[in-house]
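> Take a look at this one; I'll ask things after.
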Amino acid sequence: MPRRGRLVALVITLAVVLVAVAAAGAWLVDVGTDRLAGARDEPPEHQQGASDPDVHPQEGEPGGGGHGDARPPGVPDDAEAAIVDRVVDGDTIRVVAAPGGSIPAGGSIRVRLLNIDTPELARDGQPAQCGAEEARDRIATLLVPGDLVWLAADREDRDRFDRPLRGAWTADGVFVNELLAEEGYAEPLLIPPNDRFHARIAAAADRAQRAGRGIWGAWCPG
């Protein structure tokens, strides 16, 4: 091919390449613009951030850990939500309370369950009482660390050890104090003026005793 012909062909080829590059660039700009516009128009619940359904409150915060805070049936209207920190023994737990309630927020607080008494764990060189470990293990299945718990007070807010005195309900509305008595893990306990839950707990303990459940049966002979 003559030199002039090769030069013309090269110029045409370069022109075609430049047109193709320009077209590709325009397409990339259009796609990027569409995606940005789509992100701006996207409903808030589908955008990443605090409102994203896959972004949850931290475990240990009321409302966090996959728990809702809707009050289940059977939980008193004055019950306050808290988060279980850990179980201490059969009738004592530690919780992290929500701000603005009757239990101070900001740390783990020891709470004594109202109107029940479970056997004592080993301490100060004394062996555990019959049924103590069973009671602790049972309440640990009901109130797991990180769970939502509902707590309701009586007329006297605290005991002589400055522990809040409360009835406790699980996130799905199980009255823990009564269930422990019903299953034979706890005896009823009445220390006036706190008698709010005593009648139903005493009735539950009576049924357990007549049925020979727990501490009323083979666990604790004699």
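> Looking at Asp147 and the list (1) more than 17 Å from Thr118 (Cβ to Cβ); (2) in contact with a strand residue (DSSP E or B) (Cβ under 9 Å, 6 or more places away or on another chain); (3) without any contact (Cβ under 8 Å) to a residue 60 or more places away in the chain, which single condition is not satisfied?
Condition not satisfied by Asp147: (3).
> Could you grab me the full set of residues in region 177-191 that are buried (at least 23 other Cβ atoms within 10 Å of the Cβ) and of a type in the set (A, V, I, L, M)?
Leu180, Ala181, Ala186
> Name the residue that is surrounded by the fewest Cβ atoms within 10 Å (Cβ to Cβ), counting only residues in region 192-222 that are free of Cβ contacts under 8 Å to residues at least 12 places away in the same chain and closer than 27 Å to Arg155 by Cα.
Filtering first and then ranking leaves Pro192.
> Given the criterion surrounded by fewer than 20 Cβ atoms within 10 Å (Cβ to Cβ) and under 27 Å from Pro104 (Cα atoms), identify the matching residue among Ala140, Ala153.
It is Ala140.
> When Asp162 is evaluated against the numbered criteria (1) closer than 28 Å to Asp77 by Cβ; (2) buried (at least 19 other Cβ atoms within 10 Å of the Cβ); (3) free of Cβ contacts under 8 Å to residues at least 40 places away in the same chain, which criterion, by number, is the only one it fails?
Unmet for Asp162, out of (1) closer than 28 Å to Asp77 by Cβ; (2) buried (at least 19 other Cβ atoms within 10 Å of the Cβ); (3) free of Cβ contacts under 8 Å to residues at least 40 places away in the same chain: (2).
> Next question, about the same structure. What residue, of Val95, Val87, is part of a strand (DSSP E or B), at pLDDT 95 or above, in contact with a helix residue (DSSP H, G or I) (Cβ under 7 Å, 6 or more places away or on another chain) and under 23 Å from Pro164 (Cα atoms)?
When all the criteria are applied, what remains is Val87.
> (1) closer than 30 Å to Arg196 by Cα; (2) modelled with pLDDT under 95; (3) not in a loop (DSSP other than H, G, I, E, B): which one isn't true of Gly101, the others all being true?
(3)
The values are calculated or read from the model by the stated rules, or taken from the named source; none is laboratory data. Here the structure is a predicted model, which means the values were calculated and not measured. In this analysis, Cβ positions are derived from the backbone assuming ideal geometry, glycine residues included, and neighbour counts consider all displayed protein chains.
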